[in-house]
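Visitor: I have a structure I would like to understand better, so I am pasting it below and will then ask my questions one at a time.
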Amino acid sequence: MVGKDFRNRTGINCKVSVKGVEKISDAVLSTAIFRIVQEALTNVMRHAAASEVKVGLEKKDGTLILEVRDNGIGINERRIFDSKSLGIIGIRERVHLLGGEAVISGKPGEGTLVGVTIPLGKGAISNA
């Protein structure tokens with residue numbers, strides 16, 4: 001549903017893949033994941049000049065792995081660490097509060113990757 005809604009609103013094709021995760025029952029974790037994806041997609045829409053974005057969420061070895069990857073112009077390294085890049089700062093802060101790690105990278109003409117890993121505690125995911 002997210003992919004189709006995003007495409008209809010922006011014209012950017014969006015593919016979503018979810019593996020090993022049926023439902024995130026922890027409200028703090030599910031809200032953080034939602035907000036991270038929301039911010040990453042907002043950045044794609046506003047800045048990437050992309051024609052496609054892929055969102056992947058996977059549970060693997062007690063870790064939640066989230067990736068948002070676009071095929072746009074690629075984020076400039078300076079912007080990754082810019083104090084004015086409030087969306088990126090927000091992503092990092094949310095992930096840090098959950099004990100995880102956020103990696104944002106880009107290559108000119110090859111797109112941007114927002115990669116997040118969050119260790120899972122007991123009960124965070126209903127099918128754990």
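The values are calculated or read from the model by the stated rules, or taken from the named source; none is laboratory data. These numbers were taken from a predicted model, which means no experiment stands behind them. Cβ placement follows ideal geometry from the backbone for every residue including glycine, while neighbour counts extend to all protein chains displayed. Side chains are part of the model used for accessible areas, which takes the heavy atoms of the whole protein and leaves out ligands, DNA and RNA. Shrake-Rupley method; radii C 1.70, N 1.55, O 1.52, S 1.80 Å.
Visitor: With a probe of 1.4 Å, find how much accessible area the stretch 1-117 has per residue, and write the answer as a whole number in Å². Can you show the working numbers first?
Guide: Values: 7160 Å² over 117 residues.
Averaged over the residues of the stretch 1-117, the accessible area is 61 Å².
Visitor: Accessible area, 1.4 Å probe, largest first: how do 6, 81 sort? Intermediate values should be presented prior to the final figure.
Guide: Values: 6 5, 81 150 Å².
Putting 6, 81 in descending order of accessible area: 81, 6.
Visitor: At 222 nm, what value in deg cm²/dmol follows for the chain if DSSP H runs of at least 4 each add -39500 (n - 2.57) and the sum is divided by all its residues, to the nearest 500?
Guide: Details: 4 runs with 42 residues, N = 128.
Result for the chain, helices only: -10000 deg cm²/dmol.
Visitor: Along the charge dipole of the chain, pointing to its positive end and built from +1/-1 on Cβ of Lys, Arg, Asp and Glu, which listed residue (88, 98, 40) has its Cα farthest out?
Guide: 40
Visitor: Can you tell which of 86, 113, 64 shows the greatest fluctuation in a Gaussian network model of the chain with Cα springs below 10 Å?
Guide: Taking springs between Cα atoms under 10 Å, the residue moving most is 86.
Visitor: Checking the cross-link filter: which lysines have an alpha carbon closer than 25 Å to that of residue 15, excluding same-chain neighbours under 8 positions apart?
Guide: 4, 23, 54, 59, 60, 107
Visitor: Taking all protein chains in place and a 1.4 Å probe, what share, in percent, of the accessible surface of the chain do carbon and sulfur account for?
Guide: On the way: 3980 of 7820 Å².
Whole-percent figure for carbon plus sulfur exposure: 51.
Visitor: Find the Cα radius of gyration of the stretch 29-74, compare it with 2.2 N^0.38 Å by division, and give the number to two decimals. Please list the in-between numbers first.
Guide: Details: Rg = 11.7 Å, N = 46, 2.2 N^0.38 = 9.4 Å.
In units of the 2.2 N^0.38 Å rule of thumb, it is 1.24.
Visitor: Hey, another quick one. Under the 0.36 nm per residue contour assumption, what length would be gained going from the current alpha-carbon distance of residue 10 and residue 45 to full extension?
Guide: Numbers: separation 35, 0.36 × 35 = 12.60 nm, distance 0.68 nm.
Stretched out fully, the residue 10 to residue 45 stretch lengthens by 11.9 nm.
Visitor: Related question: Once the Cα atoms of helix 27-43 and of the chain are each reduced to a long axis, what angle between those two axes, in degrees from 0 to 90 to the nearest 10, is obtained?
Guide: Taking the Cα atoms of the chain, the angle to 27-43 is about 10 degrees.
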